[in-house]
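One structure is given below, encoded as structure tokens.
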Amino acid sequence: TPDIPVANVKAHLAQLQSIATANGGNRAHGRPGYLASVTYVKGLLDAAGFTTTQQSFTYNGATGYNLIADWPGGDTSDTLMIGAHLDSVTAGPGINDNGSGSAANLEVALQVARSGFQPARHLRFGWWGAEELGLRGSTAYVNSLTTAQKSAIGGYLNFDMVASPNPGYFLYDGDNSDNTGSGPGPTGSAEIEQTLADYYTTIGVPTRGTDFDGRSDYGPFISAGIPAGGIFTGAEGRKTAAQVTLWGGTATAFDACYHASCDTTANINDTALDRNSDAIAYAVWTLADGGTTTPPT
Ligand code: PHE
Ligand code: ZN
Ligand code: ZN
Ligand code: ZN
Ligand code: CA
């Protein structure tokens, strides 16, 4: 598995910050900063050789957009999808929530192209609109699929808030083994969780389970019976003393700027961004091509 250059991921975050700054301070649904964010991501993917589709939907009287990017090749009846919401709240630029997942997935997609990766499974990336208004874009996407198209998606990986400034390393608890809040997910979710866990084992970073209850864009996928998983570094919740012992940091909010104007490029933990970008690449390479790859260090 390639090592994802965190500097490239940070360069995407700087671009998303500039887009927000130039458009009233946010990248929210129905605001110009959202469409400018889609245009930025789409331009890089088109140039890299992806087949992109901008899907429109309407919510709250405004047009929203999902960006879908297919990597040509692989078995389209067994597609692995990787997604992140690209919208922010109106209060701020949304750099951790969710520039982080959007930028990490973008750089993994660009690395797929640079590597000429031709896995057995088909790869499709998605950037969702209007997550902050109730998972509107991802719901519109899943609702737009026929039964056969839903069955052709063998797994969905979701990344929402992967560089919180006081990070935890949480995996959606697809096997319902280490979080009592929810789960288990559709069959196959446990394998996704285990694959992500394997990456953290190789770098010696402990992980914990977190609610698999639909509080991000994997919700409509698991409702449709599609196995899913993902990483989360924490939002408004407070890191406990035990979690400080586990991961370092302080016994304060994982992200004190959650949904606030201070969720800027200063609100990013670079180590978490680097580890999680590499974890995404490891999961994509492993799950898309039969599980024989060496993790990046
Ligand atoms: N979906 C939440 C938001 O965008 C963040 C979140 C992600 C919460 C994952 C829990 C788990 O605000
Ligand atoms: Zn790295
Ligand atoms: Zn989010
Ligand atoms: Zn949010
Ligand atoms: Ca678990």
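Below are the figures for this structure:
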quantity: Residue within the stretch 252-266 that is closer than 12 Å to residue 233 by Cα and touching a Pro at 6+ places or on another chain (Cβ under 7 Å) present; calculated: yes
quantity: Residue among 104, 91 that is out of contact with any Pro (no Cβ under 7 Å at 6 or more places or on another chain), part of a loop (DSSP other than H, G, I, E, B) and not polar (S, T, N, Q); calculated: 91
quantity: Selected residue (only one of 69, 113 is touching a residue at least 24 places away in the same chain (Cβ under 8 Å), more than 28 Å from residue 209 (Cα to Cα) and assigned to a helix (DSSP H, G or I)); calculated: 113
quantity: Filter result for residue 163 (away from ligand 3 (no atom under 15 Å from the Cβ), among the small types (Gly, Ala, Ser) and either in a loop (DSSP other than H, G, I, E, B) or modelled with pLDDT of 95 or more (or both)); calculated: no
quantity: All positions within the stretch 70-116 that are surrounded by fewer than 20 Cβ atoms within 10 Å (Cβ to Cβ) and over 19 Å from the mean Cα position of the chain (by Cα); calculated: 72, 73, 75, 76, 77, 78, 90, 91, 114, 115, 116
quantity: Residues being open to solvent by less than 50 Å² (accessible area, probe 1.4 Å) and in a helix (DSSP H, G or I) - total across the stretch 12-39; calculated: 12
quantity: Which listed residue, of 237, 230, is in contact with a strand residue (DSSP E or B) (Cβ under 8 Å, 6 or more places away or on another chain) and within 17 Å of residue 131 (Cβ to Cβ); calculated: 230
quantity: Test: residue in the stretch 50-64 that is of a type outside the set (S, T, N, Q), over 23 Å from residue 230 (Cα atoms), within 15 Å of ligand 4 (Cβ to nearest atom) and open to solvent by 30 Å² or more (accessible area, probe 1.4 Å); calculated: no
quantity: Criterion: buried (at least 20 other Cβ atoms within 10 Å of the Cβ) and of a type in the set (Val, Ile, Thr) - qualifying residue of 207, 201; calculated: 207
quantity: When residues of the stretch 257-278 are limited to those that are assigned to a helix (DSSP H, G or I) and among the hydroxyl-bearing types (Ser, Thr, Tyr), the one surrounded by the fewest Cβ atoms within 10 Å (Cβ to Cβ); calculated: 271
quantity: Selection status of residue 292, open to solvent by 10 Å² or more (accessible area, probe 1.4 Å), modelled with pLDDT of 95 or more and over 17 Å from the mean Cα position of the chain (by Cα); calculated: no
quantity: Residues satisfying the stated conditions in the stretch 72-88, i.e. within 16 Å of ligand 3 (Cβ to nearest atom) and either more than 17 Å from residue 255 (Cα to Cα) or in a helix (DSSP H, G or I) (or both); calculated: 82, 83, 84, 85, 86, 87
quantity: The stretch 214-248: number of residues that are open to solvent by 10 Å² or more (accessible area, probe 1.4 Å), of a type in the set (A, V, I, L, M, F, W, C), part of a helix (DSSP H, G or I) and under 20 Å from residue 191 (Cβ atoms); calculated: 1
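One line per residue, one yes/no per condition, for (1) of a type in the set (D, E, K, R); (2) touching a residue at least 24 places away in the same chain (Cβ under 8 Å); (3) surrounded by fewer than 17 Cβ atoms within 10 Å (Cβ to Cβ):
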| position | (1), (2), (3) |
| --- | --- |
| 136 | yes, yes, no |
| 142 | no, yes, no |
| 147 | no, no, yes |
| 161 | no, yes, no |
| 165 | no, yes, no |
| 177 | no, yes, yes |
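The values are calculated or read from the model by the stated rules, or taken from the named source; none is laboratory data. From a predicted model like this one, the values you see are computed outputs, not experimental measurements. Counting neighbours? That spans all protein chains shown, and the Cβs are built from the backbone with ideal geometry, glycine included. The area values use the complete protein model at the heavy-atom level, side chains included, leaving out ligands, DNA and RNA. Shrake-Rupley method; radii C 1.70, N 1.55, O 1.52, S 1.80 Å.
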